[in-house]
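Working notes, structure below.
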Amino acid sequence: MTQHQLTDEARPPHTPTPDPTHHLTLRFSSTRRGARLARRLAVQQFTEWTGLPHDSDAARTVALVTAELAANAIRHGSLPGRDFRLALLLLPHALRIEVTDTRPERLPARTTPQAVDDASGRGLLLVQAYADRWGCTVRDAYTKTVWAEVQTHPTG
């Protein structure tokens, strides 16, 4: 892994994202309210695009993954007065959630389980557990994007 790109092992580092069938990008304030709005929007858009109900396992996973990525962007990736960006891309078999922040020098580390009494440090473990794959891309000197893909239909 290089400083410029941290990716999931399942995806070669320079593989482009497949063309999405739907996409939406919005900016949110780097606040708890911004994170909550991003989570709600992600679930709403996901259910509109897929027709799956709000209480489906996939919609709950979208909510959890979006909340964790947004919280990390606010806690570890924000600079005063800078927003974070949420991009949703509906791919043929997954929803790709991308959260872009303004701290490219703060790359997320691969996670290991934390002690039970630790107050923080579990966000990316949850993303790793619930997303089909996730990673981080730095494309310029000003931003980084942490992304995760959530399967839209169960394999069977």
Given the conditions (1) out of contact with any Cys (no Cβ under 8 Å at 6 or more places or on another chain); (2) open to solvent by less than 40 Å² (accessible area, probe 1.4 Å); (3) at pLDDT 80 or above, report the number of the one that GLY123 does not fulfil. (3)
Of the conditions (1) out of contact with any Phe, Trp or Tyr (no Cβ under 6 Å at 6 or more places or on another chain); (2) within 18 Å of LEU124 (Cα to Cα); (3) open to solvent by less than 40 Å² (accessible area, probe 1.4 Å); (4) at pLDDT 90 or above, ARG39 fails just one. Which one is it? (3)
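The values are calculated or read from the model by the stated rules, or taken from the named source; none is laboratory data. Quick caveat: nothing in here was measured; it's all calculated off a predicted structure. Note that we place each Cβ from the backbone using ideal geometry, even for glycine, and neighbour counts take in every protein chain shown. Keep in mind that these areas ignore ligands, DNA and RNA; they rest on the heavy atoms of the full protein, side chains included. Shrake-Rupley method; radii C 1.70, N 1.55, O 1.52, S 1.80 Å.
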